[in-house]
């Protein structure tokens, strides 16, 4: 082998000076001969990563080079024969340098009057491809140019590396790596993706005409691309077939038949790279952003991006395709992509934080100026690609109730919730000491239920004046801290949840939040008090089959089981006896939830759960489009009485009737179908009746613990949680 290599260098030393200068050629040869060989340790080849749903179906691909590495036993023998026949027919006979071929090439180049002929072996070509690949991975363009230059130094270095490769790898191993690293044009890297792209097949199933065409592409992938240059591609394929016939690696009859085969451009399969153009682009985008924060993929964002796009990762999610399809269908059925309103729904698995579904009414990712498209993921916070967020109205009353229960205030706590109350000057505990309500703050009820009542009845009919009194009694510091530890996160820059500790209107939902954040918070109740950060990735496996650590959901107890059970009892009654009745799935299983309608009916919400899943559904005006809609009496800014243009859905401005009945309910029905019923545990008597109660008491509906009496017989009115609300620090 070494003799052959030295022979080739001597030929180079003699022939090259005649073409480009004796001094340079001789010096290069001298330097190369001095220390043959040198070590060559090629990095793993870049491969595409794939994202899978819960059923193992591909949601998206991420790649810089679209490649899937396969073993030689997964490549059709005819493909191996074709590439060896056209590129290096004596590959299995010579060493790293084919002295005979090199000499012939040099002589031809020297005397053929401008005609050039290559003399590189498959091993040398492989070395060159590896160096180019490594330079691209490091982003070093100068190194790319150096690896592809025509200098003597590069050729000699390439030979030295080739000698090292042939000392450490078998011929079959070299051929396998060559076929996988080669570029076959039209964005297809490696033989597996080339077979998939051009013929819709696998490398293992390639036929003679297909193999000959792919083998011919390696020399000039762009020039012989059959998609853009069909005549050139066919002609090059036939050259390969003729060479195979000449060498006896293909029978003349088979070659003739292969030449008669036409290239079918309809078989060409393009693989979408990234999220734009995928079926669920915003789910995909959330996956990608989550991977950028995954420590096991690198110490910096740049390193993680390289691993995502080149590491050949298999990324598994818990996204249920049937549920996702149903949720998207229901969201789109309610609000169309081009409407001046926005709808979204998110579902989370309690106790794990895994995202089950994520959908919005503008599902196409693209320019925000294009009709029906957006780059905003309306489900999430701005740091994960979200927009401005949305006020969640009376769904925030749950946080006030949870804070009260944590302080030992029972569900039987009564207040006189008059229809309208002026809270100006009222004192309350903030995180900076005692504060007073400033200005003239009058709060009114909106559901027609007023008077002396307990927490159950107040939650069932979302009584504003009750919950403001409860929040003042508990203290806004504790209320906002409760919301934070449940997972609520403000979407307004510079206005974290803690900044609302001096604003009692917080309990009426004046904070701009994301639907996913609300599903996360209510999932904490469903899990019995265990909060988990929302996560989309359940498992990562690298190209070597090893598991990579996924980002933890950081699940930990944030409220006691007793408080969680009391909240489940409270919010279950909202579903069976209060404003949430129309969102009930109807199969009799235990469910809990809360409606929310903000000031002027600008947004309607329903956030609910079972022990198995929590979900938040929302319909809101688009805050970026003002005014909302012109009416005969002026500009209407709310949803009440509005008919969605593209769908014809009439909105009544109700969390239960709009977001609950039209989006949340059918989505939950689909997900829960066939799943076993799961029950909530009963709360302790002390949180139902107070500290003087005793164990063994059951818990009944409102009006049975001495507070408030029975609800009226009429249909409850809308649940408008932020009426009279104090303005928050951010845009409303």
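The values are calculated or read from the model by the stated rules, or taken from the named source; none is laboratory data. Small disclaimer: the values here were computed from a predicted structure and weren't measured. Using ideal geometry, Cβ is built from the backbone for each residue, glycine included, and neighbour counts are taken over all protein chains shown.
Give the residue, chosen from 203, 142, that is at pLDDT 95 or above and assigned by TED's automatic domain parsing to the domain that holds residue 87.
203
Looking at this structure, is residue 668 within 20 Å of residue 337 (Cα to Cα), crowded, with 19+ Cβ neighbours inside 10 Å, assigned by TED's automatic domain parsing to the domain that holds residue 560 and at pLDDT 90 or above?
The answer is no for residue 668.
How many residues are touching a residue at least 24 places away in the same chain (Cβ under 8 Å), surrounded by fewer than 22 Cβ atoms within 10 Å (Cβ to Cβ) and not in a loop (DSSP other than H, G, I, E, B) when one looks only at region 671-690?
Qualifying residue count, region 671-690: 3.
Given 265, 258, 253, which one is surrounded by 18 or more Cβ atoms within 10 Å (Cβ to Cβ) and either modelled with pLDDT under 95 or over 30 Å from residue 306 (Cα atoms) (or both)?
258 is the lone residue from the list that is surrounded by 18 or more Cβ atoms within 10 Å (Cβ to Cβ) and either modelled with pLDDT under 95 or over 30 Å from residue 306 (Cα atoms) (or both).
So which of 119, 113 is modelled with pLDDT under 65, part of a loop (DSSP other than H, G, I, E, B), assigned by TED's automatic domain parsing to the domain that holds residue 244 and on the phi > 0 side of the Ramachandran plot?
Just one listed residue meets the conditions, 113.
Considering only region 257-307, how many residues are farther than 25 Å from residue 548 by Cα, in a helix (DSSP H, G or I) and touching a helix residue (DSSP H, G or I) at 6+ places or on another chain (Cβ under 9 Å)?
5
When region 41-67 is examined, which residues are found to be out of contact with any strand residue (DSSP E or B) (no Cβ under 8 Å at 6 or more places or on another chain), under 18 Å from residue 136 (Cβ atoms) and in contact (Cβ under 8 Å) with a residue 12 or more places away in the chain?
Residues satisfying the conditions are 42, 43, 44, 45, 64.
Would you please list the contacts, defined by Cβ atoms under 7 Å and residues six or more apart or on different chains, that run from a residue in region 221-247 that is part of a helix (DSSP H, G or I) to a residue that is surrounded by fewer than 14 Cβ atoms within 10 Å (Cβ to Cβ)?
Note: pairs meeting the criteria are 232/223; 245/252.
Determine whether residue 482 is within 40 Å of the chain's Cα centre (by Cα), over 20 Å from residue 571 (Cβ atoms), assigned by TED's automatic domain parsing to the domain that holds residue 567 and buried (at least 24 other Cβ atoms within 10 Å of the Cβ).
So residue 482 does not fit the description; no.
Considering region 287-313 alone, what residues qualify as being surrounded by fewer than 18 Cβ atoms within 10 Å (Cβ to Cβ) and within 25 Å of residue 359 (Cβ to Cβ)?
289, 292, 293
Is it fair to say residue 470 is modelled with pLDDT of 95 or more, part of a loop (DSSP other than H, G, I, E, B) and on the phi < 0 side of the Ramachandran plot?
Spelling it out, it is not the case that residue 470 is modelled with pLDDT of 95 or more, part of a loop (DSSP other than H, G, I, E, B) and on the phi < 0 side of the Ramachandran plot.
With (1) without any contact (Cβ under 8 Å) to a residue 60 or more places away in the chain; (2) over 24 Å from the mean Cα position of the chain (by Cα); (3) outside any helix (DSSP H, G or I) as the list, and residue 528 as the residue in question, which single condition is left unmet?
Going through the list (1) without any contact (Cβ under 8 Å) to a residue 60 or more places away in the chain; (2) over 24 Å from the mean Cα position of the chain (by Cα); (3) outside any helix (DSSP H, G or I), residue 528 breaks only (1).
Check every one of the strands (runs of 3 or more DSSP E) wholly within region 331-437 and list those with 2 or more residues that are more than 16 Å from residue 515 (Cβ to Cβ), over 37 Å from the mean Cα position of the chain (by Cα) and assigned by TED's automatic domain parsing to the domain that holds residue 625.
So the answer is 415-417, 420-422, 427-430, 433-436.
Does at least one position in region 68-88 carry a residue that is touching a strand residue (DSSP E or B) at 6+ places or on another chain (Cβ under 9 Å) and either modelled with pLDDT under 95 or not in a helix (DSSP H, G or I) (or both)?
Yes, because at least one residue in region 68-88 is touching a strand residue (DSSP E or B) at 6+ places or on another chain (Cβ under 9 Å) and either modelled with pLDDT under 95 or not in a helix (DSSP H, G or I) (or both).
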